[in-house]
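Peer 1: This is the structure I want to talk about, given as structure tokens.
The values are calculated or read from the model by the stated rules, or taken from the named source; none is laboratory data. Quantities reported herein were computed from a predicted structural model and do not represent experimental measurements. Positions of Cβ are generated from backbone atoms using ideal geometry, with glycine treated the same way; all protein chains shown enter the neighbour counts.
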Amino acid sequence: MKSNRIETQAIRTQLERSQFLEHSSPLYLTSSYVFEDAEDMRASFADEKERNIYSRYSNPNTSEFIEKICLMEGAERGYAFASGMSAVFSTFAALLNAEDHILSCRSIFGSTQTLFNTILPKWNIATSYFKIDELDTIESLIQPNTKVIYAESPTNPAVDILDLERIGALAKKHNLIFIIDNCFATPYLQQPIKFGADLVIHSATKLIDGQGRVLGGVVVGDSELIQKIYLFSRNTGPSLSPFNAWVLSKSLETLPVRVDRHCDNALKVAHFLESHHLVNVVKYPFLKSHPQYELAKKQMKAGGNIVAFEIKGGIEAGKQFLNAIKLLSLSANLGDTRTIVTHPASTTHAKIPESVRLETGITSGLIRVSVGLEHPEDIINDLKQALEN
Ligand SMILES: *Cc1c(COP(=O)(O)O)cnc(C)c1O
């Protein structure tokens, strides 16, 4: 009996039971698979049957993980990667040719920016950027060689919301491949394919694992595009390991309950920060004061676990705030059970010129909180004492 509800799909999408009638999916640590006879081997290599040949191509654990993400995102097909960045790189390497052009939102993950600005230019693939509030002028940036339109929503670290349906319509009109990095929302909160995305990418390292243990990535969407990504990947080897796939597939079983609690805690933290006199601005998609509150409500089931706020006093105040944190973690990850606090202007975005940094909403006093699953009062108390320190 199949369900179309994400909570059930994440739990009841499972490998066929083996002779041992295990309840939970076993871990298949095998690099290759055997053939019945010469004919079976010939037909398998000729792609006449769907089966496992070698774990760089497919493995039961990675297949289970991919199938769950496909069901949750409403996608036809997918491929799983060793990390979010290998998913992003392989997607562009598989789909683009030399001299193609990318149109991307300015507010994207740091390593993706590096990929666009310094790695893809080796093949004369250039990127033009639009700002989150410049959707009216996007069409003027489209060139004859533009192939892809790329974005994240909510954005990192400023938690802005992009109008996915509007970009989806534009992509369709100009025949562009619309790709969304859905890492901050997870398939539980937002399914970009509904709004016209052709491909959805996740860093599974974040909320999908959710417990800070393994790296992983996945791309799902249109089956013809995935076929190209699959052929590129099965021949170049960025595949997810079976062990990490097993961990991530298990993690998906609890994704809905974990993300619900992350969102409840984040909203409480956002309300607390909004009421504090040493805080200038609080950005959280489900706060009524968020500039795109209505859009967030339309696109997302809840606001996610990232809260950004602007501390009074700029760079110095930001550093002092981090130094005063006692319970929470200063760490580079996000989406963990543990609450993580970062100050982008003095750390992850310190090398970016101030003018560019400000364009993406990263002001000098911006603090990003990845709200975890500790008791919300404890999270709030630590933020409070660090602010007042
Ligand atoms: C972390 C992250 C990535 C990269 O994922 P890795 O698993 O660290 O390689 C890509 N996009 C976003 C939005 C991320 O937060």
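Peer 1: Determine whether ALA332 is of a type in the set (A, V, I, L, M, F, W, C), loosely packed, with under 15 Cβ neighbours inside 10 Å, within 16 Å of the ligand (Cβ to nearest atom) and touching a residue at least 12 places away in the same chain (Cβ under 8 Å).
Peer 2: Yes; evaluated as a whole, the condition is true for this residue.
Peer 1: Also, I was wondering about something else. For the range 274-298, which residues satisfy the criterion of being of a type in the set (Ser, Thr, Tyr) and part of a loop (DSSP other than H, G, I, E, B)?
Peer 2: The answer is SER275, TYR284, SER289.
Peer 1: Limited to the range 159-188, what total is found for residues that are in a loop (DSSP other than H, G, I, E, B), closer than 27 Å to SER370 by Cα and more than 16 Å from the ligand (Cβ to nearest atom)?
Peer 2: Going through the range 159-188 one residue at a time, the tally reaches 1.
Peer 1: Residues in the range 360-375: is at least one out of contact with any Leu (no Cβ under 8 Å at 6 or more places or on another chain) and assigned to a helix (DSSP H, G or I)?
Peer 2: Checked against the condition, which is being out of contact with any Leu (no Cβ under 8 Å at 6 or more places or on another chain) and assigned to a helix (DSSP H, G or I), the range 360-375 yields no hits at all.
Peer 1: Residues that are touching a residue at least 60 places away in the same chain (Cβ under 8 Å), aromatic (Phe, Trp, Tyr) and in a loop (DSSP other than H, G, I, E, B): does the range 299-316 have at least one?
Peer 2: No, the range 299-316 contains no residue that is touching a residue at least 60 places away in the same chain (Cβ under 8 Å), aromatic (Phe, Trp, Tyr) and in a loop (DSSP other than H, G, I, E, B).
Residues checked against (1) on the phi < 0 side of the Ramachandran plot; (2) modelled with pLDDT of 95 or more; (3) away from the ligand (no atom under 14 Å from the Cβ); (4) outside the structural domain of ASN97 (by TED's automatic domain parsing):
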| position | (1), (2), (3), (4) |
| --- | --- |
| GLY217 | yes, yes, no, no |
| GLY221 | no, yes, yes, no |
| GLU224 | yes, yes, yes, no |
| PRO242 | yes, yes, yes, no |
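Peer 1: A follow-up question, please. Which one of these does LYS250 not meet: (1) away from the ligand (no atom under 16 Å from the Cβ); (2) farther than 16 Å from SER63 by Cβ?
Peer 2: Only one criterion is unmet by LYS250, namely (2).
Peer 1: Here's a follow-up. If you scan the range 190-238, which residues turn out to be crowded, with 23+ Cβ neighbours inside 10 Å and of a type in the set (Ser, Thr, Tyr)?
Peer 2: Correct list: SER203, THR205, SER233.
Peer 1: Please state which of the following conditions ALA151 fails to meet, knowing it meets all the rest: (1) within 15 Å of LEU295 (Cβ to Cβ); (2) crowded, with 21+ Cβ neighbours inside 10 Å; (3) out of contact with any Ser or Thr (no Cβ under 9 Å at 6 or more places or on another chain).
Peer 2: (3)
Peer 1: Then there's this: Does any residue in the range 217-236 that is part of a helix (DSSP H, G or I) come within less than 8 Å, Cβ to Cβ, of a residue that is surrounded by fewer than 17 Cβ atoms within 10 Å (Cβ to Cβ) six or more places away or on a different chain, and which pairs are these?
Peer 2: SER223/GLU76; ILE226/GLU76; ARG234/ARG56
Peer 1: From ASN145, ASN156, which residue is more than 16 Å from the ligand (Cβ to nearest atom), of a type in the set (S, T, N, Q) and outside the structural domain of GLY361 (by TED's automatic domain parsing)?
Peer 2: ASN145
Peer 1: Sticking with this structure for a sec: Taking only the range 2-23 into account, find how many residues are part of a loop (DSSP other than H, G, I, E, B), within 27 Å of the chain's Cα centre (by Cα) and under 18 Å from THR62 (Cα atoms).
Peer 2: Summing the residues that are part of a loop (DSSP other than H, G, I, E, B), within 27 Å of the chain's Cα centre (by Cα) and under 18 Å from THR62 (Cα atoms) in the range 2-23 gives 3.
Peer 1: Out of all the residues in the range 189-206, which are outside any loop (DSSP other than H, G, I, E, B) and within 16 Å of the ligand (Cβ to nearest atom)?
Peer 2: Within the range 189-206, LEU189, PRO192, LEU199, VAL200, ILE201, HIS202, SER203 meet the criteria.
Peer 1: Ok, one more. Of all residues in the range 24-45 being aliphatic (A, V, I, L, M) and in a loop (DSSP other than H, G, I, E, B), which is nearest to ASP260 (Cα to Cα)?
Peer 2: LEU27
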